Amino acid sequence: MRPGFQTSLAIAGFRKESEILRFAQNDIMTWFVGNIIAVFVIGGLGAAASAAESYKFDPSGSTIGFSVHQFLGTTLGKFTSFSGRIEVDREHPENSSVTAQIDVRSIDTRIKKRDDHLRSAEFFDVEKFPRMTFRSRSVKRTSPQSGDILGDLTMHGVMKPITLHVKLLTPINEIGRTRWSVTTDPITRRDFNLMFTPGAESVSGISQTVAINIEIEAKRAH
């Protein structure tokens, strides 16, 4: 194991093997999530409204989270700083689009020393890769209240295609707000070069896959 990794774990107080494994587990945040977020463009696909509408994410009413399995346990985390904009064409949903980004520094696993390690060059390297981004490429309506969005997720300097599945939770109301849940196939951290040292990986019991847990509230942009 590299000296830098051992030092980071020691600072966090994870001196026992079990504590080191738990520490590493939370590092797996891929997420994105993201970001991830593209999905909310479907907000314009299921409800009645005029074409060419713009919506933006409201972070105060939204959650972008993740969960990771290790042995028999599950670790939860989230990102607290993100933004996104949706361009909706209701008459022709396939022409809708979305862009979004997540500030990787805003990772929150409820343990500051662990979060600082995740931000370091040992994992996310936020100095070099401060943001995750998503840009949609196509939109497909699957039912009156759901749809799929195919787009590109860029994280840790790697861009991969991802499909987001969106479901309407609250229809657009009179003040131009709507709420959606988002799911996707688990993200594999290896695909984004988010790996620990071989030694840590071999004993950690940490899953390669990261589940995305998202609810987004979007409001009409003025």
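The values are calculated or read from the model by the stated rules, or taken from the named source; none is laboratory data. Every value quoted in this text rests on a predicted model; they were computed, and no experiment measured them. Because the Cβ atoms are built from the backbone with ideal geometry, glycine has one as well, and the counts that use them run over all protein chains shown. Only protein heavy atoms, including side chains, enter the accessible area calculation; ligands, DNA and RNA are left aside. Shrake-Rupley method; radii C 1.70, N 1.55, O 1.52, S 1.80 Å.
Check the straight Cα-Cα distances from K113 and name the lysines below 25 Å, setting aside those fewer than 8 residues away within the same chain.
K113 reaches K16, K78, K128.
Using a Förster radius of 45 Å, what is the FRET efficiency between L150 and S120 based on their Cβ-Cβ separation? Nearest 0.05, please.
On the way: r = 33 Å, r/R0 = 0.72.
Efficiency, from the Cβ-Cβ distance: 0.90.
How much area per residue is accessible in region 166-216 when the probe is 1.4 Å and only protein heavy atoms are counted (Å²)? Show your work: numbers first, answer last.
Details: 2400 Å² over 51 residues.
Using a 1.4 Å probe on heavy atoms only, each residue of region 166-216 averages 47 Å².
Find how much the distance from S54 to K160 grows on full extension, using 0.36 nm per residue of separation minus their present alpha carbon separation; answer in nm with one decimal. Could you put the intermediate results ahead of the total?
Details: separation 106, 0.36 × 106 = 38.16 nm, distance 2.59 nm.
Answer, rounded to one decimal: 35.6 nm.
Given a Förster distance of 25 Å, report the FRET efficiency between D185 and A221 from their Cβ-Cβ distance, rounded to the nearest 0.05. Could the numbers behind the result be given before it?
Values: r = 30 Å, r/R0 = 1.20.
For D185 and A221, the calculated efficiency is 0.25.
To the nearest whole percent, what portion of all C-alpha pairs in region 107-222 is separated by more than 23 angstrom?
Values: 2923 of 6670 pairs.
Here the long-distance tail beyond 23 Å is 44 percent of all Cα pairs in region 107-222.
Just how large is the dipole of region 116-222 about the Cα centre, in debye to the nearest 20, putting +1 at every Lys and Arg Cβ and -1 at every Asp and Glu Cβ? Could the numbers behind the result be given before it?
Working: 15 positive and 12 negative charges, 111 e Å.
So the dipole magnitude of region 116-222 works out to roughly 540 debye.
Please go through region 54-152 and write out the trypsin sites (Lys or Arg not before Pro) that DSSP classes as loop and that have at most 13 other C-beta atoms within 10 Å. Before the final figure, lay out the partial values.
On the way: sites: K56, K78, R85, R90, R105, R110, K112, K113, R114, R119, K128, R131, R135, R137, K140, R141; in loops: R90, R110, K128.
Here the sparse-neighbourhood loop sites are R110, K128.
What is the diffusion coefficient of region 53-102 in µm²/s, taking the Kirkwood radius over Cα pairs and the Stokes-Einstein relation at 25 °C with a viscosity of 0.890 mPa s? Before the final figure, lay out each step's value.
On the way: Rh = 13.2 Å.
Diffusion coefficient, whole number: 186 µm²/s.
Using the basic label-point model (7 angstrom from Cα toward the beta carbon), what is the R110 to F129 distance in nanometres?
Computed distance between label sites R110 and F129 equals 2.7 nm.
Within region 71-92, whose backbone N sits under 18 Å from a point 7 Å along Cα→Cβ of D103?
Answer for region 71-92: 78-85.
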